[in-house]
Amino acid sequence: MSPIRSASIAALASAVLATTLTGCQFGGEQQDDSPIVIAADLELSGASAALGKVYQRALELKVEQLNASGALGARRIDLKVKDNRSDAAESLRNINDFSSDSRVSAIIMGGCNECAVGAVRTIGEKHIPTIALASAGAITEPVAERRYVFKLAPNATDSAAAITVELGRRGVKKVALLRSDDSYGQEGMAALRRQFDKTGIRLVGTESVRVTDTDVSGQVEDLVGSRPQAMVLWTPPEQAALAAASARQNRFTGHLFFDASAAGDLFLGASARSTEKATLIFTQTMVIDDVIATTPAKAARRQWFQEYTARFGGYNGFSSFAADAVQLITNGELRAGTKQGTVDREALRDFLETSQLDGLSGPIRMTPDNHSGLMPQALTTLVARGGRWRLAG
């Protein structure tokens, strides 16, 4: 067995070891062998199907790893997946169905911002712990009205701050923005404006695109016409790739910046030429094979990267958020246990609200005042070189 694999298994086991100890009572009491049922509401068809399938693969792989790890005692994880068809109304029906199933401990929602925001009231009324993989701040804020909702995705404020630092380092003063027309895109524009106001950078043009758009050339042409030194693409990866190609076709020679929402596959494929030297703000998991595995957490991230790549023939950066969501729920469920044979959702919610994890995505910290757990230091600067993302520098 390789040192990396040994370290990753040790890290996986240690992540749940403390919680499993409470299930192994002294005096020979019978172990809890009830399944840990995790439900997933994902975009497996419709406009966001590509990302939804990434999440499904990641959830299934992580569940398989945990079930095989031996760290769960007599228990096993049972994953229940439903397709929301990239539709908020269908997503809400799924949430209602899952929450009515007393066996379900918690729900993981996919990357659809409008689905997660639209479901927060029902989640609160049903008292079911939910981790969303979407990015919009309104998913978890205000926390007092979203006690059962948590999220694992880069925050707009953190991404905007990192982009602004890099723009300043390059001496950029004029920036154009292409953003998604959803709540996260609006949030990103506001966050960038706040950061730019502190530094003297000017936003000289803004345009928006829908997640279903397959032609963004008109918006990009208008942005190029504003003569920016840099263009920030704050959109899903499909639209970001289209925008990068259109920008180069319009002879834009400035800097291209991708917000974390534009991250996708490690290898850039058909968009490699137009995105060469573009900058992406994302977590280190995308380039973990460039990182020396000096800690158990880094070894676990590298092993995750390698096993996901070996299983699915490529890597997508967002897979790590899904895997971390499974880990957090599993840790919490093992600690909470069952109450007279039934799932204790209240205890699980309380655990999640104070959970800490050096996850596959990076450091995660939840608090009663902050249900968006990914820490700012999880984000790093990547650059496209030779058709794939690499660490900058």
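The values are calculated or read from the model by the stated rules, or taken from the named source; none is laboratory data. A quick note: this is a predicted structure, and the numbers were derived from the prediction, not measured. FYI the Cβ positions are ideal-geometry reconstructions off the backbone, even for glycines, and counts take in every protein chain you see. Just the protein is used for accessible areas: all its heavy atoms, side chains included, with ligands, DNA and RNA removed. Shrake-Rupley method; radii C 1.70, N 1.55, O 1.52, S 1.80 Å.
Worth a mention:
- Heavy-atom accessible area order for Thr342, Thr140, largest first, 1.4 Å probe: Thr342, Thr140
- Within the shell of other residues whose beta carbon sits under 15 angstrom from the beta carbon of Arg248, the net charge comes to +1, with Lys and Arg scored +1 and Asp and Glu -1.
- Of the residues Gln186, Gln219, Gln249, the one that moves most in a GNM of the chain with alpha-carbon contacts below 10 Å is Gln249.
- Each of Ala272 and Asp222 was given a label point 7 Å from its Cα along the Cα-to-Cβ line. The distance between the two points is 3.4 nm.
- Here the accessible area of the chain is 49 percent carbon and sulfur, with a 1.4 angstrom probe and all protein chains present.
- Gaussian network model of the chain, springs between alpha carbon atoms under 10 Å - residue of Asp215, Asp265, Asp158 with greatest fluctuation: Asp215
- Computed with every protein chain present, the accessible area of Glu221 is close to 110 Å² [probe 1.4 Å].
- Where labels lie 7 Å past Cα in the beta-carbon direction, separation of Asp197 and Asp181 in nm: 2.7
- Span-like helix ranges in the chain, DSSP H, alpha carbon extent 15 angstrom or more, Kyte mean at least -0.5: 3-21, 49-69, 88-99, 113-126, 156-169, 237-249, 319-336
- FRET efficiency for Ser102 and Thr212, using Cβ-Cβ distance with R0 set to 41 Å, rounded to 0.05: 0.65
- Solvent-accessible area of Tyr148 with every protein chain in place, 1.4 Å probe, in Å² to the nearest 10: 10
- Accessible area per residue was computed with a 1.4 Å probe on protein heavy atoms; Arg248 scores about 80 Å².
- Averaged per residue, the chain has 42 square angstrom of accessible surface, using a 1.4 angstrom probe with ligands and nucleic acids left out.
- Computed extension gain for Ala190 through Glu64, at 0.36 nm per residue and net of the alpha carbon distance, reaches 41.3 nm.
- Spatial separation of Cα centroids for segment 85-134 and segment 214-229, in angstrom: 36
- Accessible area in the full protein assembly, largest first, 1.4 Å probe, for Glu276, Glu333: Glu276, Glu333
- Segment Gln356..Arg169, full-extension length gain: 64.1 nm, with 0.36 nm per residue of separation and the alpha-carbon distance subtracted.
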